[in-house]
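Engineer: Dumping the structure here so I can ask a few things about it.
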Protein chains: 2
Amino acid sequence: MTAVLYPEREVPSQASVLEARKNTAHAWFSNLRDQVCELYEELEEHAPGPFPVKGAQPGRFSLTPWTVQNLDRPTSNEAHSRLDPNCGGVQGILRGRIFEKMAVHVSAVYGTFSETFKNTVLKIDGAGPSEFWASGISLIAHPWNPHVPTLHMNTRFLVTPQKAWFGGGADLTPMLDSRRTQEDPDTELFHSALKYACESHCSVANYTQFKTQCDDYFFLPHRQEHRGIGGIFYDHLWSENFDADMAFTQAVGQTTMAAYAQIVRSNFTKPWTAEERREQGIRRGRYVEFNLLYDRGTLFGLKLGGNIDSILSSMPPYVLWP
Amino acid sequence: MTAVLYPEREVPSQASVLEARKNTAHAWFSNLRDQVCELYEELEEHAPGPFPVKGAQPGRFSLTPWTVQNLDRPTSNEAHSRLDPNCGGVQGILRGRIFEKMAVHVSAVYGTFSETFKNTVLKIDGAGPSEFWASGISLIAHPWNPHVPTLHMNTRFLVTPQKAWFGGGADLTPMLDSRRTQEDPDTELFHSALKYACESHCSVANYTQFKTQCDDYFFLPHRQEHRGIGGIFYDHLWSENFDADMAFTQAVGQTTMAAYAQIVRSNFTKPWTAEERREQGIRRGRYVEFNLLYDRGTLFGLKLGGNIDSILSSMPPYVLWP
């Protein structure tokens, strides 16, 4: 009898590898959400004041699961794109004493993309509809204090029969003109943190390219101005090394979360004037213009018939077009 | 010598007829603007109070002429569509004690539509770019008092080498759910005024059709709700009787202006609660969503590189997405 040194193992099929990757990505997005909730609830609860809004209590995230079939809306707006009724996500919203509104959403959705949708929203080629699977996390923070910038972060994993890829990014939008500069300490901290994250994963991430893509993407052509001071933006990231791509995705999430917490800490107790609150309201109007006129993530959700409450929770709570 | 009973007259050319029609339309839009300013300034000045906002002064329209060449923005965002640098308009804004913001804009612009622009924004066929001329008036009122509905009215005359046509409409958006009904007195007054205007011009206007088109157009698919309680909406109006089309256009403007003034008068002194002001802010958010996601007039201006200040002055002054 021969000793079996290497017992016969089941070779995982392509399909089961892909399933495992979907699970890994989705599990990470949920895990990051839990970290985000813990960090920012801690900040709301324990950060020393003074707090800007009289009587406001420390905020906690309210997490609300949703499925497509429980939305009271049609699951398809874009001809032939549709979501499976069983898929969905968890919407997280915090309203507190540092954050006027903060949202963290994780979803895992699947269904069919129409050809039009692929071309116009996803910017991928291919005739005819495609089945797809997508999971991601979105984080949007609108602080009370006009001295604290607005944050947006999103990472996602998309799978179609032809390919699988990561996309995402993080960008910072200071509210006050006087702080919308590349020399502001918040700007420098944010850029250097993302630079470090990219350079630590340089086999898959090109910081210079991702930074340029961010500047190009978060731009309002009708006003000829950038949304904020930048960050990183990438799409169709597929190095053929899933683990490396996943590790970079994790670094983007954790780096952003930590860097932004530091930016919040150094600004949220600064006194502000009514004029600065007004400036914040106007700047937030530009944020709304970008999201509704240009943002592909917003269009992705709206056109697929996703959860409107989640998709539009990126809208700032208080906005002025005086 | 024979008496000349009918002296020889110059037969106007096709081109000069069209020029005269452009002038007539543009002159009317300016004339209507002057009527609007007079009526609503009078209301701001002489309507008996009490006025809702402490210390607010009667508003007057500030009229600011603009030309494309004086905008600090590129004149073309949509490939190959462009505006002539010499064309422009007059932007009118009032901030007062009844109206938080009211805008009345008249413009006369000309240039070239790209093929894409024609298909997607104008919904007209035809390969290749087209020269065009367009003039119109837009009226948008955002009153302070949540009991007073928001008004939108627009009429326009468009000319391309292939055709010339009128378009426009008027619709009312009550801010309070309790008043967003077809039985509300404001709703009934508004509908009956527009019905009368259409029926007085029934050779060119079909009220039932225009009312249905309004309901279909001012609809937010992502929320499955109408923007307001309706009104009328029409496009590509060309009966081959310019004078009749023009007369109907005038009726739409004057009827809307007068009916809305009556609605304002009967509501603007009603006391309101903080909760109602909040409801107004949220409803206005839906208004923003419609304008930036779907409104063809907004896209028309933005994609042609028009005057952003005018185009986006339809945005409500104070908006909440809590």
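Just so it is clear, none of the values below were taken in a lab; they were calculated from the coordinates. If you're wondering where the values come from, they're calculated on a predicted model, not measured in any experiment. Cβ sites come from the backbone with ideal geometry, for glycine too, and all protein chains shown count toward neighbours.
Engineer: Based on this model, can you work out whether B:THR155 counts as in contact with a helix residue (DSSP H, G or I) (Cβ under 6 Å, 6 or more places away or on another chain) and over 21 Å from B:ARG283 (Cβ atoms)? Break it down stepwise before answering.
Structural biologist: Values: in contact with a helix residue (DSSP H, G or I) (Cβ under 6 Å, 6 or more places away or on another chain): yes; over 21 Å from B:ARG283 (Cβ atoms): yes.
The answer is yes for B:THR155.
Engineer: Can I ask one more? Looking at segment B:95-116, which of its residues are of a type in the set (Gly, Ala, Ser) and within 14 Å of chain A (Cβ to nearest Cβ)? Step through it out loud before you land on a result.
Structural biologist: In the first step, residues of segment B:95-116 are kept if they are of a type in the set (Gly, Ala, Ser); the result is B:96, B:103, B:107-108, B:111, B:114.
B:GLY96, B:ALA103 - these are the residues of segment B:95-116 that are of a type in the set (Gly, Ala, Ser) and within 14 Å of chain A (Cβ to nearest Cβ).
Engineer: A further question on this structure: Residues B:LEU312, B:LEU292: which one is without any contact (Cβ under 8 Å) to a residue 24 or more places away in the chain, within 14 Å of chain A (Cβ to nearest Cβ) and closer than 25 Å to B:TYR40 by Cα? I'd like the intermediate steps shown before the answer.
Structural biologist: Values: B:LEU292 fails: closer than 25 Å to B:TYR40 by Cα.
The match here is B:LEU312.
Engineer: Do you know which residues across segment A:264-285 are more than 10 Å from chain B (Cβ to nearest Cβ), buried (at least 19 other Cβ atoms within 10 Å of the Cβ) and either more than 17 Å from A:LEU151 (Cβ to Cβ) or not hydrophobic (A, V, I, L, M, F, W, C) (or both)?
Structural biologist: Taking segment A:264-285 first, the residues more than 10 Å from chain B (Cβ to nearest Cβ) are A:264-280, A:282-283.
Checking the rest, the ones that are also buried (at least 19 other Cβ atoms within 10 Å of the Cβ) come to A:264, A:267-268, A:280, A:283.
The answer is A:ASN267, A:GLN280, A:ARG283.
Engineer: Related question: In segment A:237-280, what residues are small (Gly, Ala, Ser) and in contact (Cβ under 8 Å) with a residue 40 or more places away in the chain?
Structural biologist: Taking segment A:237-280 and keeping what is small (Gly, Ala, Ser), we get A:239, A:244, A:247, A:251, A:253, A:258-259, A:261, A:266, A:274.
Result: A:ALA244, A:ALA247, A:ALA251, A:GLY253, A:ALA258, A:ALA259, A:ALA261, A:SER266.
Engineer: Let me ask you something else. Hey, could you check segment B:160-188 for residues that are closer than 19 Å to B:GLY253 by Cβ and surrounded by fewer than 22 Cβ atoms within 10 Å (Cβ to Cβ) and say which is nearest to the chain's Cα centre (by Cα)?
Structural biologist: Within segment B:160-188, the match that is nearest to the chain's Cα centre (by Cα) is B:GLY167.
Engineer: Let me ask you something else. Taking into account only those residues within segment A:26-63 that are touching a strand residue (DSSP E or B) at 6+ places or on another chain (Cβ under 9 Å) and without any contact (Cβ under 8 Å) to a residue 40 or more places away in the chain, which is farthest from A:PHE242 (Cα to Cα)?
Structural biologist: Here the residue is A:ARG60.
Engineer: Oh, and also: Is it the case, given these coordinates, that A:ASP243 is within 14 Å of another protein chain (Cβ to nearest Cβ) and more than 25 Å from A:ASP215 (Cα to Cα)?
Structural biologist: Numbers: within 14 Å of another protein chain (Cβ to nearest Cβ): no; more than 25 Å from A:ASP215 (Cα to Cα): yes.
Considered against the rule, which asks whether it is within 14 Å of another protein chain (Cβ to nearest Cβ) and more than 25 Å from A:ASP215 (Cα to Cα), A:ASP243 comes out as no.
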